[in-house]
Amino acid sequence: MPMASKLIFAVATLTVSIASVTGFVPLSLGVIHEVSSPSRSVRFGPLMHPTSLCASRSRCRLFQLSMAETTIESLIEKVKSTPVASKGPDKIFRAIKKANGAPSVCVEYSREPAGQRQKVDFISLTFRRSKAAAIIVDTALPYEGGEQDFADFVKEQKTAKGNFPGPASIVWRGKIKDVDSIAKAALAGASGVALPAEELSEETLAELVHACHALDMEPFVEISDKKHVSAAVAAGARIICIRFTSNAVASFLNYAQIQLRSDIPKECAAVATIAGRQRGLEIEQAQQVLQQGKFDGVLMANFITDAADSMADRYAAYVMREVLSKRSEAFRITEVRGSGGPASAYGWGAGAGKMPPPGFSGEGTHA
């Protein structure tokens with residue numbers, strides 16, 4: 001190889017190496033470089049990504065993974081260097097605990113185990129247009145694909161930037177055990193992270209809350225006991241969501257949530273969990289906790305599990321509209337139930353009188 005080509009190759013290699021160390025790859029290198037080797041010659045410039053240097057897709061994949069690991073490491077270092085007393089963002093907090101006292105609805109997408117990867121663009125758009133305070137995406141699925149679901153939601157919400165309504169906040173819900181997993185969520189584009197207080201010690205919870213704040217995310221702390229509330233508040237969390245792991249029916253869980261509500265400080269955003277897909281019962285239960293329990297908002301758990309279902313978007317829009325409606329509770333419930341009782345769900349789907357999608361049953365649980 002001629003000396004000039006070797007020099008250019010060395011400069012290009014150094015540029016890529018520096019990029020991977022700093023955790024990003026510049027999309028423009030300013031000038032066109034020529035990389036020569038015994039087997040190939042590659043030219044790339046301002047519009048080409050340096051991964052063009054890779055001789056194969058597998059080598060490019062290894063290059064990208066190396067950069068991702070470096071980025072996670074840099075995020076962990078950021079957490080370590082950030083003062084513990086630092087406060088994080090409050091976009092989700094303000095969306096849930098509205099200044100005018102109006103109720104809010106958070107929604108959860110959790111794809112069924114038997115389901116294949118689905119196109120979530122339309123349901124993501126429906127969530128946004130229906131004024132979801134936050135979209136919780138379950139990434140801890142018993143099969144591969146949860147993290148890809150999350151990435152798809154983040155990508156779709158970004159398309160609304162600069163528009164009204166703007167992008168909804170996406171909350172990562174998964175196996176959160178340490179700061180590494182918090183950094184992973186941040187790298188994926190999360191605005192918040194669900195932290196299961198029941199599974200974490202007080203020390204670990206405080207560490208993870210701090211990590212969220214340091215990485216500009218909001219901790220969405222899930223609690224099921226009074227002691228969890230005090231631990232979450234002491235850690236600096238402002239969003240407290242009551243979510244039981246019990247398989248008890250929703251009517252009993254709602255009563256327990258209302259009793260636990262008084263332990264959540266007024267300065268926090270208090271969220272009650274309502275099981276989705278109950279053929280209209282979820283609307284009644286949501287209204288019960290909002291009115292009797294004085295919660296700031298509700299989380300519709302396992303709200304959508306099949307984005308490919310043709311009725312999923314209409315179901316989501318209808319339930320969210322009814323929960324946020326200012327009409328009387330009696331009118332609202334009558335419209336959903338109809339003369340045939342809860343199972344008929346007459347009026348469901350904007351008055352179409354159609355039955356809910358397959359899998360929608362009676363009283364659900366938080367699990």
Notebook entry, point to check: If you stretched the chain out fully between residue 163 and residue 94, how much longer would it get, using 0.36 nm times the residue separation minus the C-alpha to C-alpha distance?
Noted result: 22.9 nm
Item checked: residue 222 - accessible surface, heavy atoms, 1.4 Å probe, Å² rounded to 10 -> 20
Item checked: Heavy-atom accessible area per residue - segment 105-324, 1.4 Å, Å² -> 39
Checklist line | Segment residue 308-residue 155, length gained on full extension (0.36 nm per residue, minus Cα span) | finding: 53.3 nm
Next item on the list: Could you sort 266-276, 208-218, 92-102, 154-164 so that the peptide with the highest average Cβ count within 10 Å comes first and the rest follow in order?
Entry: 208-218, 266-276, 92-102, 154-164
Check: Which net charge results when you count Lys and Arg as +1 and Asp and Glu as -1 among the other residues whose beta-carbon is under 10 Å from that of residue 150?
Finding: -2
Notebook entry, point to check: Taking only C-alpha pairs under 8 Å that are 6+ residues apart, what is the relative contact order of segment 105-324 in percent?
Noted result: 22
Next item on the list: Express the Stokes-Einstein translational diffusion coefficient of segment 105-324 in µm² s⁻¹, to the nearest whole number, given a Kirkwood radius over alpha-carbon pairs, 10 °C and a viscosity of 1.306 mPa s.
Entry: 91
Checklist line | Pairs from 119/184; 158/266; 87/119; 98/175; 97/326; 80/226 whose Cα-Cα separation, in the structure shown, is over 26 Å | finding: 158/266; 87/119; 98/175; 80/226
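The values are calculated or read from the model by the stated rules, or taken from the named source; none is laboratory data. Since the model is a prediction, treat every value here as computed from it, not as a measurement. For neighbour counting, all protein chains shown are included, and Cβ atoms are generated from backbone atoms with ideal geometry for every residue, glycine included. Side chains included, ligands, DNA and RNA excluded: accessible areas come from the protein's heavy atoms. Shrake-Rupley method; radii C 1.70, N 1.55, O 1.52, S 1.80 Å.
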